[in-house]
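Asker: One structure is given below, represented as structure tokens, and several questions about it will come after.
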Amino acid sequence: MTARDQLSPAAALLGRASGPGEAPSPAWREQPGSPGPLVLRWLREAADAGVAALQAATLATVDEEGAPDARVLVLRDVSPDGAAWSFATDSGSTKGRQLAARPAAALTLHWPEQARQVRVRGEVAAGTRDDAAAEFRTRSPAARIAAHTGHQSEPLASDQAYRQAAEAARRLVAADPDAVPPGHTVYTLHAREVEFWQGAPDRFHQRLHYHRTADGWDARRLWP
């Protein structure tokens with residue numbers, strides 16, 4: 001019996017050989033002075049290539065005991081220099097409470113179709129109510145209803161309780177489409193590090209790491 005024969009069903013599935021996607025080449029023709037131009041270029045190339053869930057990002061925070069926590073959310077914006085990364089959530093949610101206690105986070109974008117990954121780390125700041133209102137107006141009716149349904153991360157007693165809250169939210173949005181939930185907050189992750197990872201079928205992966213300094217950005221290649 002081989003070692004692979006002894007793998008659990010899950011380990012066997014996870015261990016299947018799979019290509020890292022169709023890697024655009026070259027990963028970067030140059031190293032811009034800030035990560036922003038490369039972020040915008042990769043976003044544009046991903047959009048042109050029809051990458052699914054282009055805006056889906058994994059946000060990692062820590063809880064009151066210092067244990068890591070992570071979830072996928074929607075990345076809303078990136079500043080032209082790549083220094084500010086914006087997302088929105090309810091301040092009363094688990095991640096909202098964690099950010100209030102420890103305002104630092106890591107954020108990851110992963111586009112397997114292009115074998116690309118972008119990693120960001122830094123401090124997080126909450127925006128104003130005007131910021132929240134402006135962002136909320138860009139949302140679809142369904143997204144507004146979901147936000148008004150509320151109770152994010154709280155225990156759910158029954159499906160009926162959820163349906164009733166959702167119906168109340170639908171009526172509220174129909175009556176006042178621009179009403180913003182009290183806890184709706186736009187957060188900005190102010191990056192101190194931005195890293196670009198480009199996979200390759202021959203596993204000659206490439207990494208470009210930006211570190212923010214008092215004088216700007218320091219860029220360097222990293223070993224895969």
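Every number here is computed from the coordinates shown, using simple stated rules; none is lab data. None of these values were measured; they are calculated from a predicted model. Methodologically, a virtual Cβ is constructed for each residue, glycine included, from the backbone with ideal geometry; neighbour enumeration extends over all protein chains shown.
Asker: Tell me, what HN-Hα J-couplings in whole Hz come from the Karplus equation 6.51 cos²θ - 1.76 cosθ + 1.60 at θ = phi - 60° for each residue of segment 208-221, using x for Gly and Pro?
Answerer: After applying 6.51 cos²θ - 1.76 cosθ + 1.60, I find 10, 10, 10, 10, 7, 10, 5, 9, x, 10, 10, 10, 8, 6 Hz.
Asker: For the chain, set up a GNM with springs between Cα atoms under 10 Å and report which of Tyr162, Tyr187, Tyr210 has the largest fluctuation.
Answerer: Tyr162
Asker: So if each residue of separation counts as 0.36 nm, and I subtract the Cα-Cα distance between Val72 and Asp176, what length gain in nm does that give?
Answerer: So the chain would gain 34.6 nm between Val72 and Asp176.
Asker: Moving on. Under a 5 Å amide H to amide H cut-off, with H placed in plane at 1.01 Å, what residues pair with Arg192 once short-range neighbours are removed?
Answerer: Correct list: Arg121, Gly122, Glu123.
Asker: Oh, and also: At 222 nm, what value in deg cm²/dmol follows for the chain if DSSP H runs of at least 4 each add -39500 (n - 2.57) and the sum is divided by all its residues, to the nearest 500?
Answerer: -8000 deg cm²/dmol
Asker: Using alpha carbons only, how many angstrom separate the centre of segment 191-224 from the centre of segment 153-190?
Answerer: Rounded to whole Å, the Cα centres lie 39 Å apart.
Asker: Follow-up question, since we're still on this one. Take Glu123 and Gln164, extend 7 Å from each Cα along the Cα→Cβ direction, and tell me the distance between the two endpoints in nm.
Answerer: Label-label distance for Glu123 and Gln164, simple model: 4.5 nm.
Asker: Connecting C-alpha atoms closer than 10 Å in a GNM of the chain, tell me which of Gly36, Gly183, Gly50 has the biggest fluctuation.
Answerer: Gly50
Asker: Using a 7 Å offset from Cα along Cα-Cβ at Glu30, what residues in segment 180-220 end up with backbone N under 18 Å from the label point?
Answerer: Residues 208-210, 217-220 fall inside that zone.
Asker: Give me a comma-separated list of calculated 3J(HN,Hα) values for segment 57-63, in order, Karplus coefficients 6.51, -1.76, 1.60 applied at θ = phi - 60°, integers in Hz, x for any Gly or Pro.
Answerer: 9, 8, 9, 10, 10, 10, 8
Asker: Using modelled amide H (1.01 Å from N, peptide plane; none on Pro or chain starts), what sits under 5 Å from the amide H of His184, excluding residues fewer than 5 places away?
Answerer: Ser91
Asker: For Arg221 and Ser140, compute 0.36 nm times the residue count separating them, minus their Cα-Cα distance, and round to one decimal in nm.
Answerer: Value of the extension gain: 25.1 nm.
Asker: Something else about it: Rounded to the nearest 0.05, what FRET efficiency do Gln55 and Arg97 have when you use their Cβ-Cβ distance and R0 = 25 Å?
Answerer: Computed FRET efficiency for Gln55 and Arg97 comes out at 0.55.
Asker: Expressed as a rounded percentage, what relative contact order does the chain have, with Cα pairs under 8 Å and six or more residues apart?
Answerer: 23 percent
Asker: Taking θ as phi - 60°, what are the ³J(HN,Hα) couplings along segment 148-155 by the Karplus curve (6.51, -1.76, 1.60), each to the nearest whole Hz, with x for Gly and Pro?
Answerer: Per residue, the Karplus-derived 3J(HN,Hα) values read 6, 4, x, 6, 4, 6, 7, x Hz.
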